[in-house]
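A short worksheet on the structure shown next.
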Amino acid sequence: MANSKYEYVKCFEAEDEVMYPNIIVVQIDGREFGSFSEKQGFEKPNDEKALNLMNACAIKVLENFSDVIFAYGFSDEYSFVLKKETTFYQRRASKILSIIVSFFSSTFVTKWKEFFSQKELSVPPSFHSRVISCASMEVLQAYLLWRQTECHTSNLYNTCLWKLVFSGKSEKEAKEILKGTQKQEKNELLFQQFGINYKDLPQIFRQGSCAIKIKVEDIVKYRENGTPVKRPRKKAVIVHSENIATKGFWKNYSFLTEELGLLAEGINKIKPEYLRSFQFESKLMLSTWIVVRIDGCHFHRFCEDNGFQKPNNEQALNLMNSCAVSLLEMFKDIIFAYGVSDEYSFVLKKGSLLYQRRSSEIVSAIVSLFSSMYVMKWKEFFPEKEFKEPPYFDGRCVCYPSSEILRDYLAWRQVDCHINNQYNTCFWLLVKSGKSRTEAQSSLKGTQTQEKNELLAQFGIDYNALPIMFRMGSSVFQDKDELTGNDKVVVEHCNIIDTSFWKEHPRILDEEEPLRTILRPHSNKMLRVS
């Protein structure tokens, strides 16, 4: 990122490293997936195609990120376990959880047609994610037992519930019948009323699914005489087991013991409250502006693979802008967004209580939804192109205490836009003129703005005449429609460093909006206003 007088705003970024030797688990679960399942017409109580789609996404995560060695999932949830000594993104929680949930979301949309060829994806799927910091193998073992027990319990209940509903009961009546029933009673209800032996139901429903890496022999080439040359490699597969939190299951897969260690012989049931205490979570300070900045991961490679124009691809930038518009329409707490290249910053209103200001929920929801929208909207902007690998983004939340500092943050990003765009414009002109990339970098080393402008002039280019979106980035916010008088989300390319922009749009950073929490007069107690 470019240097400028606004660089000081970086000091507000908090460190969130998960300290060694804690084992990192990233848990993702569907955001508003009940509604999503209804709209997509998923079968009740389980849609096998939907579960297999989730499993296919988990396999893709293990294949793409070598540090993820094991995953367990059921319903709309998956937990990914990283190897014990991982240094993946310097063990920064926000980076890890956002990258995995972004990649999972992109893959979910990308693979949708493989499993639902007759169904259009009508709404973008999205997921929450969080980091569980397991202090020991015993905690990891207890966590896996907890999640698989939850799978057993919820699936038995849902199987009974929907059998009762399909037999003519209302959902309310079915819930009343099941209220207070124990496991044995539910099993008897299924067998006596519907002739179903619960243990005969598919393993994927009762036990959940494990995505795991196994060692296989792979043919890499053939000798001249036709004999194959084999090499060992790791392959991600889906397996099912009655109890994944046992020493016996663990020993079946040597890769797990090599990268994590052995499980204990057996553990007692542990209360979820104890396990939740290991959740790596922070609530963001009240009365501060929250900014969620997302960045494309390995986007240089993604741009190369998809033949994006250099130094700027207008279609790609418009795709980013379209996704940002969708987010402002879906999240009313987002009041402003600024984007450049493969990056976007989303500003939440100062009094926002979105997800009770839990950092992981805010950043994962935004990065997940943005990733899904990017894939779903791809064909609108690139109708002739199929991307090779799903795009994905990382994200972080940062709090800024005042409007002045927030504006300095946005100014920092716009200065960065200008400096990088001017450099890249010069760089790619030199490359296209015949210089190597190394020679182009050497020619530009240490040059100032004026020198770059003079270089561009040699190619007959006035930098200030280039499209304003390339030079100033894109600002997205609510504004009045001149024809209807209603609010609508607009995209403008303007100078947000100049204070006149904010004077022209005073509603964006309106600090007069009342907080949801206020002090009761003559009392120190906090009241929550509904």
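The values are calculated or read from the model by the stated rules, or taken from the named source; none is laboratory data. Values in this document were obtained by computation on a predicted structure and should not be read as measured data. As a convention, Cβ positions derive from the backbone with ideal geometry for all residues, glycine included, and neighbour counts pool all protein chains shown. Side chains are part of the model used for accessible areas, which takes the heavy atoms of the whole protein and leaves out ligands, DNA and RNA. Shrake-Rupley method; radii C 1.70, N 1.55, O 1.52, S 1.80 Å.
Compute the projected area of the convex hull of the Cα atoms of the stretch 188-295, averaged over all viewing directions, and report it in nm² to one decimal place. Each step should come with its number before you reach the end.
Numbers: hull surface 63.9 nm².
Averaged projected area of the stretch 188-295's Cα convex hull equals 16.0 nm².
For the stretch 1-95, the equivalent ellipsoid derived from the Cα gyration tensor has semi-axes of 34, 20, 12 Å, listed largest first.
Any idea of the accessible area per residue across the chain, 1.4 Å probe, to the nearest Å²? Present the calculation step by step, with values, prior to reporting the outcome.
Working: 26330 Å² over 530 residues.
Value for the chain: 50 Å² per residue.
Taking the centroid of alpha carbons for each part, the stretch 16-48 and the stretch 193-218 are 18 Å apart.
Could you tell me whether the stretch 35-142 comes out rounded, prolate or oblate from its Cα gyration tensor? Rule is a ≥ b ≥ c as square roots of the eigenvalues, rounded for a/c under 1.5, then prolate if a/b exceeds b/c, otherwise oblate. Kindly include the intermediate steps, with their values, before the conclusion.
Details: a/c = 2.30, a/b = 1.89, b/c = 1.22.
Prolate is the answer for the stretch 35-142, as a/c is 1.5 or above and a/b outweighs b/c.
Ignoring ligands, DNA and RNA, please state the percent of accessible area on the chain from carbon and sulfur, probe 1.4 Å. The partial results should precede the final answer.
On the way: 12830 of 26330 Å².
Result for the chain: 49 percent of the exposed heavy-atom area is carbon or sulfur.
When you filter the GluC sites (Glu not before Pro) in the stretch 142-247 for DSSP loop state and at most 13 other Cβ atoms inside 10 Å of their Cβ, you are left with GLU224, GLU242.
Relative contact order for the chain using alpha-carbon pairs under 8 Å, separation at least 6, rounded to a whole percent? If you can, show how the numbers build up before the last one.
Values: 842 pairs, mean separation 95.6, N = 530.
Relative contact order here is 18 percent.
Listed by chain and number, the aspartates and glutamates placed with their C-alpha closer than 17 angstrom to that of LYS251 are GLU138, GLU242, GLU259, GLU265; residues fewer than eight positions away on the same chain are left out. Counted residue by residue at 0.36 nm each, then reduced by the alpha carbon distance between them, the extension gain from TYR8 to TRP428 reaches 148.2 nm.
What you get for the stretch 379-512, charging only the Cβ of Lys and Arg (+1) and of Asp and Glu (-1), is a dipole of about 720 debye around the Cα centre.
So how strong a dipole does the chain carry about its Cα centre when Lys and Arg Cβ are +1 and Asp and Glu Cβ are -1, to the nearest 20 debye? Working shown, then result.
Working: 70 positive and 67 negative charges, 277 e Å.
That gives a dipole near 1320 debye.
Is the shape of the stretch 420-520 best called rounded, prolate or oblate, per the rule: a/c under 1.5 gives rounded, else a/b larger than b/c gives prolate, else oblate, with a ≥ b ≥ c the square roots of the Cα gyration tensor eigenvalues? Working shown, then result.
Working: a/c = 3.55, a/b = 2.46, b/c = 1.44.
It comes out prolate by the Cα gyration axes.
For the stretch 124-233, what does the alpha-carbon gyration tensor say about shape, rounded, prolate or oblate, given a ≥ b ≥ c as the root eigenvalues, a/c under 1.5 as rounded, and a/b over b/c as prolate? Each step should come with its number before you reach the end.
Values: a/c = 2.96, a/b = 1.99, b/c = 1.48.
Verdict is prolate for the stretch 124-233.
What size of dipole, in debye to the nearest 20, comes out for the stretch 72-137 about its Cα centre when the only charges are +1 on Lys and Arg C-beta atoms and -1 on Asp and Glu C-beta atoms? Write out the running numbers ahead of the final one.
Working: 9 positive and 5 negative charges, 61 e Å.
Using only the charged Cβ atoms, the result is roughly 300 debye.
Hey, which of these cross-link pairs are over 25 Å Cα-Cα: LYS179/LYS247; LYS183/LYS235; LYS83/LYS234? All intermediate terms of the calculation are to be shown ahead of the outcome.
Working: LYS179/LYS247 35 Å; LYS183/LYS235 37 Å; LYS83/LYS234 14 Å.
Exceeds cut-off: LYS179/LYS247; LYS183/LYS235.
Highest mean packing comes first when the peptides 486-494, 375-383, 361-369 are listed by Cβ atoms within 10 Å, giving 361-369, 375-383, 486-494.
Over the stretch 1-80, what relative contact order in percent results from Cα pairs under 8 Å that are six or more residues apart? All intermediate terms of the calculation are to be shown ahead of the outcome.
Values: 41 pairs, mean separation 28.1, N = 80.
Across the stretch 1-80, relative contact order equals 35 percent.
Diagonalising the gyration tensor over the Cα atoms of the chain and scaling each eigenvalue by 5 before taking the square root yields semi-axes of 44, 32, 23 Å, largest first. Ranking ALA365, VAL340, VAL375 by how far each Cα lies toward the positive end of the dipole of the stretch 338-382 (charges on Cβ) leaves ALA365 at the top. Placing R0 at 45 angstrom, the Cβ-Cβ distance between ASP481 and GLU384 gives a FRET efficiency of 0.85 after rounding to 0.05. Taking the average, over residues, of other Cβ atoms within 10 Å as the packing measure, peptides 449-462, 324-337 rank 324-337, 449-462 from highest down. Ligands, DNA and RNA excluded, the heavy atoms of THR257 present near 40 Å² of accessible surface to a 1.4 Å solvent probe.
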